[in-house]
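Trainee: Below is a structure I'd like to ask you about.
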Amino acid sequence: MSAVSFDGVSRHFGPVRAVDAVSLDIAEGEFFAMLGPSGSGKTTCLRLIAGFERPSAGVIRLFGAAVQDQPPYRRPVNTVFQDYALFPHLNVRDNVAYGLMIAGQNRADRHRAADEALEMVRLSGYGARKPSALSGGQRQRVALARALVMKPRVLLLDEPLGALDLKLREQMQDELKTLQRQLGITFIFVTHDQGEALSMADRVAVFNEGRILQTGTPETVYFRPDVPFVADFVGSSNILPAPLVARLTGTHAAAALRPEALRIADAGPLRATVTALSFLGTATRVVLEAEGTRLTALLAKGAPRPAPGDTVALAWDAGDLHLMAGA
Amino acid sequence: MPSDRAPLSLKIAAGAGLLFLHLPILLIFVYAFTTEDKSYQWPPPGLTLKWFAVTWNRPDVWAALRLSLQVAAISTAVALVLGTLCAAAVSRAHFFGRETVSLLVILPIALPGVVTGIALRSVFHIAEIPFSFWTIVLGHATFCVVVVYNNAVARFRRTSGSLIEASMDLGADSFQTLRHVLLPNIATALLAGGMLAFALSFDEVIVTTFTAGQQQTLPIWMLEELVRPRQRPVTNVVAMVVVLVTLLPILGAYYLTRGTDAVAGQGK
């Protein structure tokens with residue numbers, strides 16, 4: 001049974017189709033990412049699951065039960081908000097214990113549960129502080145503890161790492177992944193950062209303009225994109241236009257070619273002019289132009305480096321050229 | 001480099017300004033202790049505490065004081081309910097004409113009291129409502145609502161909408177969210193607004209003259225008393241009480257909202 005399933009769900013705001021006939025199934029225990037640019041409908045989908053939005057059409061099921069008419073407080077899901085939404089008038093312990101207080105648990109029990117949850121996110125001893133006295137990373141952990149203490153069957157995370165600096169973000173990625181494995185509950189998170197989605201999720205749904213373009217494992221959406229938008233958004237693949245691909249392979253379809261799959265060789269099927277080089281540390285990024293198409297290649301350390309203006313031959317393994325549906 | 005000490009001229013100017021503002025009030029305090037009761041003679045020929053006793057034994061003072069306190073309390077209560085609801089609607093929901101509603105709520109405080117008073121009086125006349133305690137309350141509520149609204153709306157703007165969603169996400173229904181999240185977050189703003197509203201109502205003269213019948217609130221009583229040269233210092237004693245009763249809530253409101261948005265709505 002799916003933890004969450006959407007059946008033709010739409011959410012319209014006036015003439016805007018924020019979510020447009022989306023169907024989707026998320027399995028129990030899955031770490032699921034909703035990836036897309038801002039305004040693509042991924043956050044609205046999350047809010048539909050939480051119950052902050054009602055669908056204009058379609059059925060939303062949580063563990064088999066239709067919930068689209070249930071208010072948020074009747075759904076077995078909890079949310080970690082993008083701005084954390086910690087209650088400023090309560091200290092950290094009372095913030096975490098809030099849901100248990102509403103559920104009618106007595107003071108001693110809920111404080112014990114809150115302290116355990118704080119320990120789980122490594123914030124023991126911070127219970128008496130006010131949220132305003134915490135750093136961004138600590139606030140996020142409190143928000144996480146406040147949701148997890150409710151023992152939800154599905155945890156929703158809205159851009160959970162968006163407000164953190166790079167180092168903290170990488171650390172939290174690992175921690176979230178570990179937590180999810182330990183607890184075994186379904187995590188659904190929304191992000192516009194494809195690196196985050198690929199490194200954390202078991203499965204990724206790529207959103208654009210209110211629709212899901214592709215759902216699959218990180219490897220699938222990265223290496224085998226269905227449509228050019230996915231190829232471009234998930235890690236900036238080169239997209240070869242259909243006429244060029246037709247000449248190279250005989251099949252008339254657009255194709256995706258990862259920057260790291262391109263090699264500069266003595267001989268190859270495509271000739272290109274180098275327009276720019278940039279040094280990235282572990283690799284060198286080369287921007288080239290071939291028959292009016294802009295291409296990017298990532299050259300590993302040690303590979304021969306061309307100079308801007310050089311004309312070079314490009315080669316790749318036949319298996320790396322991925323043909324796509326759509327223009 | 002600006003010097004960290006103000007120049008002498010500035011200090012003198014500030015001192016003169018303060019004297020100008022507060023000397024008359026001090027004079028009123030001094031006259032409360034004078035032995036001379038027909039005219040205000042300077043310097044007072046002697047000092048006495050007997051006017052406090054006289055005031056204490058005057059039933060008309062007590063009646064006026066009781067009326068003023070009741071009017072202020074009920075106007076404030078009405079304003080707290082209406083002002084908070086208005087503020088919640090304006091800051092939470094997006095509807096057509098929202099800005100206009102906001103302006104219309106604030107407008108009464110910009111209108112001269114005379115206009116408000118005349119307007120209310122004609123409405124009471126047309127609707128054939130006899131003047132009573134409740135017409136005074138109604139008059140006062142018009143400006144008390146504004147003060148509460150201004151304070152509440154400022155606080156609502158700073159209260160993130162996701163707090164309400166977070167509360168509901170954690171299992172709280174609307175009423176529990178109101179009680180455990182919304183009210184605690186706007187409580188100090190409501191207290192500050194309520195105190196200001198109370199103080200404004202307590203010393204209001206103009207609107208009251210148009211909306212009261214035979215009843216006298218404390219400020220109206222004082223105005224009448226000044227015309228009659230009988231036991232004049234009694235008025236000064238009452239004035240002292242009014243100053244203190246009005247000042248304390250305003251100071252309280254100031255301290256409660258210090259460091260937050262400015263407490264809007266003064267004058268009237």
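Trainee: Would you calculate the volume per residue, in Å³, of the smallest convex hull containing every Cα atom of the protein assembly as shown?
Mentor: Details: hull volume 159.2 nm³, N = 595.
Dividing the Cα hull volume of the protein assembly as shown by its residue count gives 268 Å³.
Trainee: At 10 °C and 1.306 mPa s, what whole-number value in µm²/s does Stokes-Einstein give for the translational diffusion of the stretch A:153-204, with Rh from the Kirkwood sum over Cα pairs? Don't skip to the answer; put the middle values down first.
Mentor: On the way: Rh = 11.3 Å.
Rounded to a whole number, D works out at 141 µm²/s.
Trainee: Quick check: residue separation of A:R224 and A:A103 times 0.36 nm, minus the Cα distance between them. What number comes out in nm? All intermediate terms of the calculation are to be shown ahead of the outcome.
Mentor: Numbers: separation 121, 0.36 × 121 = 43.56 nm, distance 4.66 nm.
Going from the current span to full extension adds 38.9 nm.
Trainee: Let me ask another. Where does helix B:183-202 land angle-wise versus the long Cα axis of chain B, in degrees 0 to 90, nearest 10?
Mentor: It is inclined by approximately 30 degrees.
Trainee: While we're on this one: If r is the Cβ-Cβ distance from B:L244 to B:R92 and R0 is 35 Å, what FRET efficiency results, to the nearest 0.05?
Mentor: Numbers: r = 38 Å, r/R0 = 1.09.
The computed FRET efficiency comes out at 0.35.
Trainee: Something else: Do any GluC sites (Glu not before Pro) in the stretch A:230-327 lie in a DSSP loop with no more than 15 other beta carbon atoms within 10 Å, and if so, which?
Mentor: Details: sites: A:E260, A:E289, A:E291; in loops: A:E291.
Those satisfying the criteria are A:E291.
Trainee: Evaluate peptide A:84-94: per residue, the Cβ atoms of other protein chains within 10 Å of its Cβ; return the mean as an integer.
Mentor: Details: counts 3, 11, 4, 8, 7, 8, 3, 0, 0, 0, 1.
Shielding by partners across A:84-94 averages 4.
Trainee: Average partner chain C-beta neighbours within 10 Å, per residue of B:170-178?
Mentor: Values: counts 20, 13, 7, 5, 2, 0, 3, 2, 0.
The per-residue average across the peptide is 6.
Trainee: If each of B:I206 and A:S23 carries a label point 7 Å out from its Cα toward its Cβ, how far apart are those two points in nm?
Mentor: That separation, rounded to one decimal, is 6.9 nm.
Trainee: In peptide A:69-78, how many Cβ atoms from other protein chains are near each Cβ within 10 Å, on average? Before the final figure, lay out the partial values.
Mentor: On the way: counts 0, 0, 3, 9, 10, 3, 3, 0, 1, 4.
Shielding by partners across A:69-78 averages 3.
Trainee: With unit charges on the beta carbons (Lys and Arg positive, Asp and Glu negative) and the dipole taken about the Cα centre of chain A, which residue among A:L155, A:S135, A:G36 sits farthest to the positive side?
Mentor: Selected residue: A:S135.
Trainee: On alpha carbon coordinates alone, what is the Rg over Rh value for the stretch A:252-327, Rh being the Kirkwood radius?
Mentor: Details: Rg = 12.4 Å, Rh = 12.9 Å.
Ratio of gyration radius to Kirkwood radius for the stretch A:252-327: 0.96.
Trainee: Would you mind getting me the FRET efficiency between A:A318 and B:Y255? Use the beta-carbon distance for r and R0 = 60 Å, nearest 0.05. Display every interim value, and only then the final one.
Mentor: Values: r = 77 Å, r/R0 = 1.28.
Rounded to the nearest 0.05, the efficiency is 0.20.
Trainee: Give me the percent relative contact order of the stretch B:1-78, please, defined on Cα pairs under 8 angstrom at least 6 residues apart. Could the numbers behind the result be given before it?
Mentor: Details: 23 pairs, mean separation 12.0, N = 78.
For the stretch B:1-78, the relative contact order is 15 percent.
Trainee: Taking the simple approach of a point 7 Å from Cα along Cα-to-Cβ for both B:L8 and B:V115, what is their distance in nm?
Mentor: Reported label-point gap for B:L8 and B:V115 is 4.8 nm.
Trainee: DSSP beta bridges in the protein assembly as shown, what fraction antiparallel, as a percent rounded to 5? Walk me through the numbers on the way to the answer.
Mentor: Numbers: 47 of 65 bridges.
DSSP beta bridges in the protein assembly as shown are roughly 70 percent antiparallel.
Trainee: If I build a Gaussian network model for chain A, linking alpha-carbon pairs within less than 10 angstrom, which residue out of A:R54, A:R93, A:R285 has the largest mean-square fluctuation?
Mentor: Of A:R54, A:R93, A:R285, the most mobile in the Gaussian network model is A:R285.
Trainee: Still on this structure, I have one more. Starting from the eigenvalues of the Cα gyration tensor, five times each then square-rooted, give me the equivalent ellipsoid semi-axes of the stretch B:12-130, largest first, whole Å. If you can, show how the numbers build up before the last one.
Mentor: Numbers: eigenvalues 358, 108, 47 Å².
They are 42, 23, 15 Å, listed from largest to smallest.
Trainee: If the convex hull of the alpha-carbon atoms of the stretch B:123-164 is projected onto planes in all directions, what is the mean projected area in square nanometres? All intermediate terms of the calculation are to be shown ahead of the outcome.
Mentor: Values: hull surface 17.4 nm².
With the hull built on Cα positions only, its mean projection is 4.4 nm².
Trainee: Using 0.36 nm per residue, how much length does the chain from A:A265 to A:D310 gain when fully extended, once their Cα-Cα distance is taken away? Display every interim value, and only then the final one.
Mentor: Working: separation 45, 0.36 × 45 = 16.20 nm, distance 1.28 nm.
Going from the current span to full extension adds 14.9 nm.
Trainee: I've got another one for you. I need the calculated FRET efficiency for the pair A:R54 and B:R179, taking r as the beta carbon distance and R₀ as 30 Å, to the nearest 0.05.
Mentor: Details: r = 25 Å, r/R0 = 0.82.
Approximately 0.75, to the nearest 0.05.
Trainee: Before rounding to the nearest 500, sum -39500 (n - 2.57) across all DSSP H runs of length at least 4 in chain A and divide by the residue total; then give [θ] at 222 nm in deg cm²/dmol. Spell out each step's value before the answer.
Mentor: Numbers: 9 runs with 92 residues, N = 327.
Roughly -8500 deg cm²/dmol at 222 nm, from the helical runs in chain A.
Trainee: Moving on to the next point. Residue separation times 0.36 nm, minus the C-alpha to C-alpha distance between A:S38 and A:S236: what's the value? Intermediate values should be presented prior to the final figure.
Mentor: Details: separation 198, 0.36 × 198 = 71.28 nm, distance 1.69 nm.
Gain on stretching A:S38 to A:S236: 69.6 nm.
Trainee: Compute the acute angle (0 to 90°) between the alpha-carbon long axis of helix A:136-148 and the principal axis of greatest extent of the alpha-carbon atoms of chain A; round to the nearest 10°.
Mentor: 60 degrees
Trainee: Only four residue types carry charge here, +1 at the Cβ of Lys and Arg and -1 at the Cβ of Asp and Glu. Report the dipole size of chain A about the Cα centre in Debye, rounded to the nearest 20.
Mentor: Details: 35 positive and 33 negative charges, 180 e Å.
Around 860 debye, computed over chain A.
Trainee: Take every Cα pair under 8 Å in chain A that's 6+ residues apart, average their separations, divide by the length, and report that relative contact order as a whole percent. Intermediate values should be presented prior to the final figure.
Mentor: Details: 690 pairs, mean separation 54.2, N = 327.
It rounds to 17 percent for chain A.
Trainee: While we're here: Please compute the modelled spin-label separation between B:S122 and A:A300, points set 7 Å along Cα→Cβ, answer in nm with one decimal.
Mentor: That separation, rounded to one decimal, is 9.0 nm.
Trainee: Something else about it: Would you mind telling me the share, in percent, of accessible area of the stretch A:181-314 contributed by carbon and sulfur at probe 1.4 angstrom? Numbers along the way, then the final one.
Mentor: Details: 3260 of 6310 Å².
The nonpolar share, carbon plus sulfur, comes to 52 percent.
Trainee: Report the Stokes-Einstein translational diffusion coefficient (µm² s⁻¹, integer) for chain B, Rh taken as the Kirkwood radius over Cα pairs, at 4 °C with viscosity 1.567 mPa s. Numbers along the way, then the final one.
Mentor: Values: Rh = 21.2 Å.
Approximately 61 µm²/s, per Stokes-Einstein.
Trainee: If one takes the longest principal axis of the Cα atoms in chain B, at what angle in degrees, from 0 to 90 and to the nearest 10, does the Cα axis of helix B:8-31 lie?
Mentor: 70 degrees
The values are calculated or read from the model by the stated rules, or taken from the named source; none is laboratory data. Small disclaimer: the values here were computed from a predicted structure and weren't measured. So basically every Cβ, Gly included, is an ideal-geometry build from the backbone, and we count neighbours across all protein chains shown. When the accessible area is computed, the model is the full protein with side chains, heavy atoms only, and any ligands, DNA or RNA have been set aside. Shrake-Rupley method; radii C 1.70, N 1.55, O 1.52, S 1.80 Å.
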